[in-house]
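Q: Below you will find the structure I want to go over with you.
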Amino acid sequence: MAAPPGIVAAVTLSTNRWRLGMLTLIAVLAVIAGVLLLGNGGDPEPAAEATPLSLPPLPNVSGGDDVAPDFSVDLFNGDRFVLSAHLRDDGRPLLLNLWASWCFPCLQEMPDLEEASRRHPEILIVGVAVDDDPNAAEAFAAEIGITYPIGADEADRVSRAYPAPGLPATYLISGDGRIVDVVYGLLTPEHIESLIAALT
């Protein structure tokens, strides 16, 4: 039995209104999304620049005048670096940089660390590749032309003494063997300069 013409017309009108309402809703949402994405006059907002974090160190390491754990590492030039011997015989403040050849931010900051090491002989920068293939780390350091002491943490001694949530990680150690700051993340040249100023 066919529905009366009035009911068919009402159902058709209701269906058309529903479709029109849905299309309107979709159009409004698209406009709102466009405004949110494009922002001011169609120009996208510039991405915020990533900045390194100065955070409380992880367990085993506490910044703020705590004694830096002693460590030793075999350097790529054949020498062996021992923190306690350096503090006893040399006494310069130390910027300990943990890095890896697979870590892109580490590779970005290393040329800036090299430049800072040449400009500031009053401090010592030491780079230690952690959780890395020593051959890949050595090849990369040679390609950049790193002249500051640099080696690989093959026995995980350094990473156990100086745990970090990720790489790069930089520990500032005073001439009397205290951890004065810990920075996780990519260092800019300006940040490196401010860290060195705090050490000297």
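Q: Stretch Gln108-Ala198 to full length: gain in nm at 0.36 nm per residue minus the Cα-Cα span?
A: Taking 0.36 nm per residue and subtracting the Cα distance, the gain is 30.1 nm.
Q: What nm value, rounded to one decimal, do you get for the distance between Arg118 and Asp66 when each label is placed 7 Å out toward the C-beta?
A: Label-label distance for Arg118 and Asp66, simple model: 3.7 nm.
Q: Got a sec to turn the phi values of segment 169-177 into Karplus ³J(HN,Hα) couplings, 6.51 cos²θ - 1.76 cosθ + 1.60 with θ = phi - 60°, whole Hz, x for Gly and Pro?
A: Each residue of segment 169-177 in turn: 9, 10, 10, 9, 10, 6, x, 9, x Hz.
Q: Ordered by packing density, taken as the mean number of other Cβ atoms within 10 Å over each peptide's residues, highest first, how do 127-135, 151-159, 186-194 rank?
A: 127-135, 151-159, 186-194
Q: Here is a further query. So, in nm, how far is label Arg160 from label Arg80 when the simple model puts each one 7 Å beyond its Cα toward the Cβ?
A: 1.6
Laboratory data are not the source of any read-out in this text; all were calculated from the coordinates shown. Since we're looking at a predicted model, the values are computed, not measured. Backbone-built Cβ (ideal geometry, glycine too); neighbour counts: all protein chains shown.
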